[in-house]
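The values are calculated or read from the model by the stated rules, or taken from the named source; none is laboratory data. Given the structure is predicted, the values throughout are model-derived calculations rather than measurements. Reconstructed Cβ throughout: ideal geometry from the backbone, glycine too, with neighbour counts over all protein chains shown.
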Amino acid sequence: MLDFLRIFFLTEGVLTLTEEAAAQIKRLQSEQADSEYRLRVFVDPGGCSGFEYGMSFGAKEDGDQEFEDRGISFFMDSASLEYMKGSIVEFDDSLHGKGFQIKNPNATNTCGCGRSFN
């Protein structure tokens, strides 16, 4: 119930990470050669629905804003922020899991793989 309330009240926030997503990001971040690298969450034109989600590690770039959730610092540029505000990042590595998935309340349509939207 607490996670539901946390997600409910943070939908006005930038981006919410589930516990599983945060744990996986921490594992991946520990493997980075540069300890200053942070998670970057972004939107690019492309994919089968018009826009595509992306996540990578890197240094802060001009125009980036820095945010934090569940102890994970991450960067987003202002254009991506407009498309993704209120989104939830999940991670599922079970047998039928799809890895990272983004649930975006702003998307009017998503493709079958869940990696692109419009």
Worksheet item: What's the number of the condition GLY46 fails, among (1) at pLDDT below 90; (2) of a type in the set (Gly, Ala, Ser); (3) surrounded by 15 or more Cβ atoms within 10 Å (Cβ to Cβ)?
Response: (3)
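What are the residues in the range 49-60 that are of a type in the set (A, V, I, L, M, F, W, C) and either free of Cβ contacts under 8 Å to residues at least 60 places away in the same chain or exposed (fewer than 14 other Cβ atoms within 10 Å of the Cβ) (or both), if any? Before you say what the answer is, go through the steps one by one.
Looking only at the range 49-60, we keep the residues that are of a type in the set (A, V, I, L, M, F, W, C), and these are 51, 55, 57, 59.
Result: MET55, PHE57, ALA59.
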Worksheet item: Taking the range 100-118 on its own, how many of its residues are more than 21 Å from GLN65 (Cα to Cα), modelled with pLDDT of 75 or more and of a type in the set (Val, Ile, Thr)?
Response: 1
Worksheet item: Can you name the residue in the range 24-43 that is assigned to a helix (DSSP H, G or I) and surrounded by 15 or more Cβ atoms within 10 Å (Cβ to Cβ) and is also modelled with the lowest pLDDT among such residues?
Response: GLN29
Worksheet item: Could we say that GLY97 is at pLDDT below 95, in a loop (DSSP other than H, G, I, E, B) and surrounded by 12 or more Cβ atoms within 10 Å (Cβ to Cβ) here?
Response: yes
Worksheet item: When only residues in the range 78-94 that are more than 25 Å from SER30 (Cβ to Cβ) and without any contact (Cβ under 8 Å) to a residue 40 or more places away in the chain count, which is surrounded by the fewest Cβ atoms within 10 Å (Cβ to Cβ)?
Response: SER78
Item to complete: Among the candidates GLY46, GLY63, single out the residue that is over 20 Å from GLU90 (Cα atoms) and touching a residue at least 60 places away in the same chain (Cβ under 8 Å).
Response: GLY46
Item to complete: Filter the range 49-78 for residues that are at pLDDT 90 or above and in a loop (DSSP other than H, G, I, E, B) and give the result.
Response: ALA59, LYS60, GLU61, ASP62, GLY63, ARG70, GLY71
Discussion item. With the requirement that a residue be among the acidic types (Asp, Glu) and either in contact (Cβ under 8 Å) with a residue 40 or more places away in the chain or touching a His at 6+ places or on another chain (Cβ under 8 Å) (or both), what does the range 66-77 give you?
Written reply: ASP69
